[in-house]
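Before any comments, here is the structure.
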Amino acid sequence: MHNPLMPKAQSVIPVERIISSIYLVRGEKVMLDSDLAQLYGVTTSRLNEQVKRNIDRFPRDFAFQLTRAEFDSLRSQIAILKDGGRGTHRKYLPYVFTEHGVAMLSSVLHSKKAVEVNISIIRAFITVRQMLATNRDLARKVQEHDQKITVLVDAVQKLLTPPPAPKKNPIGYVPSED
């Protein structure tokens with residue numbers, strides 16, 4: 001709920017930019033350490049260093065390191081690395097942070113900017129959650145609508161199908177088939 005004593009802050013970073021950095025890995029919505037470091041204005045190694053110094057604040061449901069297969073899959077989907085050049089290839093597999101891990105980052109990155117960026121990122125996660133809920137509701141409504149249309153089309157087809165011609169009784173003598 002909005003605190004009337006505190007003005008609602010404008011997002012430091014456009015929500016669209018943050019949302020484009022949220023990926024689905026192991027069934028979790030996560031952000032890469034490199035994307036977060038860029039948003040916070042620190043190096044990836046500095047961000048990871050602070051996390052490792054405070055590892056007890058980051059259980060596996062807050063942050064985890066990608067496997068080689070996960071990293072390769074993500075890399076092929078989003079083109080994480082540029083071709084060639086020094087510093088374009090990562091030495092270590094990246095860490096990813098869930099929404100809870102992102103919230104915890106502000107406690108290890110001590111700066112006003114870290115707090116502001118965290119608020120923007122948490123709002124982006126909320127927006128993604130709302131969009132997914134809206135899409136699920138819309139899909140359910142479309143499915144219900146499709147079912148009603150199918151019933152309607154079947155009823156109309158039955159009405160348009162002429163009834164079979166009644167079997168006429170032959171006139172005259174009909175020999176029995178015995």
Return yes or no: is Lys82 exposed (fewer than 10 other Cβ atoms within 10 Å of the Cβ), at pLDDT below 75, of a type in the set (D, E, K, R) and over 24 Å from the mean Cα position of the chain (by Cα)? yes
Output the number of the condition that Leu152 fails; it satisfies all remaining conditions of (1) open to solvent by less than 90 Å² (accessible area, probe 1.4 Å); (2) more than 30 Å from Pro14 (Cβ to Cβ); (3) not in a loop (DSSP other than H, G, I, E, B). (1)
Region 96-111 residues that are open to solvent by 40 Å² or more (accessible area, probe 1.4 Å), paired with ones that are in a loop (DSSP other than H, G, I, E, B) (beta carbon under 7 Å, 6 or more apart): His100/Asp61; His100/Phe62; Met104/Phe58; Met104/Phe62
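The values are calculated or read from the model by the stated rules, or taken from the named source; none is laboratory data. From a predicted model like this one, the values you see are computed outputs, not experimental measurements. Cβ sites come from the backbone with ideal geometry, for glycine too, and all protein chains shown count toward neighbours. In case anyone asks, the SASA skips ligands and DNA or RNA and just uses the protein heavy atoms, side chains included. Shrake-Rupley method; radii C 1.70, N 1.55, O 1.52, S 1.80 Å.
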